[in-house]
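**Q** First the structure, then my questions, so here it is.
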Amino acid sequence: IQAVCTGKLPEELAGATIGPLCHARWITFQTRLLKLYMSAVNTSVYIKLRKLVQYIVDIYFPLHMFIKFKNSIVYGPCNLFKELSLIKCCLKGQKTVNLCINVLKNNSYFAHPHNILIAMLGDLTFSIRKRAIDIINDIRIYNDVDSLEYFLPKLNVNANNYFDLCFFKKFNNQWQYLNVFNDYILVTEPPIVKNLDLDKFIFTPFTSDLPCHTQSVERHVALTTKVSKTVCGRMSQSAEAMLVIKSRQKRKKC
């Protein structure tokens, strides 16, 4: 990244061997792309790669390091808000910005009220933690539902903070959030804090060892893509993927 920004490529990097290209290895892909960009002689190739390189340098790499530093599930909404802020701040051209924001809208899982409430409970600011505790207590009283069908939340692209990423409000003592179909759905209690005594989080922020992203997820991207071309339907694809994983595990033991 530094070599791209300064235009000076050290000899040890110029002669370094990059790993084989794989759909599930995004770091390898972006490294190859940066090297191709720096070695491009043809002007047309240089121009075509410029937007991709700008995304890698200004958004992908900073966000990658940010997630590495804040990798707990508690920071999931913060990481999503960080990405949204970088896209609106760093990218040039409204068409490019809209393209990236549309991708975020289709992957706004960390904007779900469950994740936002968890992040608020883990916030260092007392007033934010207190607000999360009050909302969850209201849910325990008025939204007494064990579980509901999961719906992707509608992303608030104009949010000023991570807890504004989702449109969720209180209607007739019941907390509801707006999903991607523009329907308001009841907010249930986040399973990770279910039945926990929330008073202890008034003075001590909530923490969790559960990661918001793992490299093991990346390893299954290629498998998921391959399976989706073989069978149809979520259940069938999941079953096919599990069979492939079990087969690989058996071969390792042999």
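**Q** Taking amide H atoms as placed 1.01 Å from N in the peptide plane, list the residues 5 or more away in sequence, or in a different chain, whose amide H sits under 5 Å from that of S72.
**A** The list, which skips near neighbours in sequence, is C212.
**Q** Please report the accessible area of T214 (heavy atoms, 1.4 Å probe, ligands and nucleic acids excluded) in Å², nearest 10.
**A** 40
**Q** I would also like to ask the following. So which chymotrypsin sites (Phe, Trp or Tyr not before Pro) in region 138-173 pass both tests, a DSSP loop state and at most 13 other Cβ atoms within 10 Å of the Cβ?
**A** Answer by residue number: Y150.
**Q** Quick check: Cα centre of region 182-254 to Cα centre of region 68-111, how many Å?
**A** 20
**Q** So how strong a dipole does the chain carry about its Cα centre when Lys and Arg Cβ are +1 and Asp and Glu Cβ are -1, to the nearest 20 debye?
**A** With Lys and Arg at +1 and Asp and Glu at -1, about 1200 debye.
**Q** For the peptides 53-62, 178-187, what is the packing order when you average, over each peptide's residues, the other Cβ atoms within 10 Å and list the highest mean first? Walk me through the numbers before you get to the answer.
**A** Working: 53-62: 18.4, 178-187: 15.2.
With the highest mean Cβ count within 10 Å placed first, the list reads 53-62, 178-187.
**Q** Going Cα to Cα from K200, which lysines come in below 16 Å? Please leave out same-chain ones fewer than 8 positions away.
**A** The reachable lysines, counting only those whose Cα sits under 16 Å from K200, are K130.
**Q** Evaluate region 80-163: find the radius of gyration of its Cα atoms, find its Kirkwood radius, and give the ratio Rg to Rh.
**A** With Rh from the inverse mean 1/r over Cα pairs, Rg/Rh is 1.05.
**Q** Shifting gears a bit: Just tell me which lysines come within less than 23 Å, Cα to Cα, of K226; anything on the same chain fewer than 8 places away is out.
**A** Reachable lysines: K246, K250, K252.
**Q** Could you pull the accessible area for C212 with a 1.4 Å probe, rounded to 10 Å²?
**A** Rounded to the nearest 10, the figure is 30 Å².
**Q** With a 1.4 Å probe and all protein chains kept in place, how much accessible area does F29 have, in Å² rounded to the nearest 10?
**A** 100
**Q** Same structure, new question: The chain: longest stretch without exposed trypsin sites (Lys or Arg not before Pro) (DSSP loop, at most 15 other Cβ within 10 Å), sites themselves excluded?
**A** Value returned for the longest uninterrupted segment is 93-193.
**Q** Whole number in Å², please: accessible area per residue of the chain, 1.4 Å probe, ligands, DNA and RNA not counted.
**A** I get 64 Å² per residue for the chain.
**Q** Any idea what angle helix 126-142 forms with the longest principal axis of the chain, computed on alpha-carbon atoms, 0 to 90 degrees, nearest 10?
**A** 60
**Q** Separate question: Just tell me which lysines come within less than 19 Å, Cα to Cα, of K68; anything on the same chain fewer than 8 places away is out.
**A** In chain and number order, the partners are K82.
**Q** Taking all protein chains in place and a 1.4 Å probe, what share, in percent, of the accessible surface of region 129-188 do carbon and sulfur account for?
**A** On the way: 1520 of 3350 Å².
It is 45 percent, rounded to a whole number.
**Q** Something else now. By how many degrees, 0 to 90 and rounded to 10, does the Cα axis of helix 26-39 deviate from the longest principal axis of the chain?
**A** 40
**Q** Residue by residue through region 108-124, which ³J(HN,Hα) values in whole Hz follow from phi under the Karplus form 6.51 cos²θ - 1.76 cosθ + 1.60 (θ = phi - 60°), with glycine and proline marked x?
**A** After applying 6.51 cos²θ - 1.76 cosθ + 1.60, I find 8, 5, 7, 8, 5, x, 4, 5, 5, 5, 5, 5, 5, 5, x, 6, 6 Hz.
**Q** Evaluate the distance, in nm, between pseudo-label points positioned 7 Å from the Cα of N137 and of T43 along their respective Cα→Cβ axes.
**A** Going from the N137 label point to the T43 one covers 6.8 nm.
**Q** Given the options I135, I27, I18, state which has the largest fluctuation in a GNM of the chain using a 10 Å cut-off (strictly under) for Cα springs.
**A** The residue with the greatest mean-square fluctuation here is I18.
**Q** Within the set K92/K169; K51/K105; K48/K229, which residue pairs have Cα atoms separated by over 25 Å?
**A** K92/K169; K48/K229
**Q** Run the dipole for region 17-125 about the Cα centre, Lys and Arg Cβ at +1, Asp and Glu Cβ at -1, nothing else charged, and hand back the magnitude in debye, nearest 20.
**A** On the way: 13 positive and 3 negative charges, 86 e Å.
Dipole size: approximately 420 debye.
The values are calculated or read from the model by the stated rules, or taken from the named source; none is laboratory data. The shown structure was predicted, so the numbers you read here are calculated from the model rather than taken from an experiment. Note: ideal-geometry Cβ built from the backbone for every residue, glycine included; neighbour counts use all protein chains shown. Heavy atoms of the whole protein, side chains included, go into the accessibility calculation; ligands, DNA and RNA do not. Shrake-Rupley method; radii C 1.70, N 1.55, O 1.52, S 1.80 Å.
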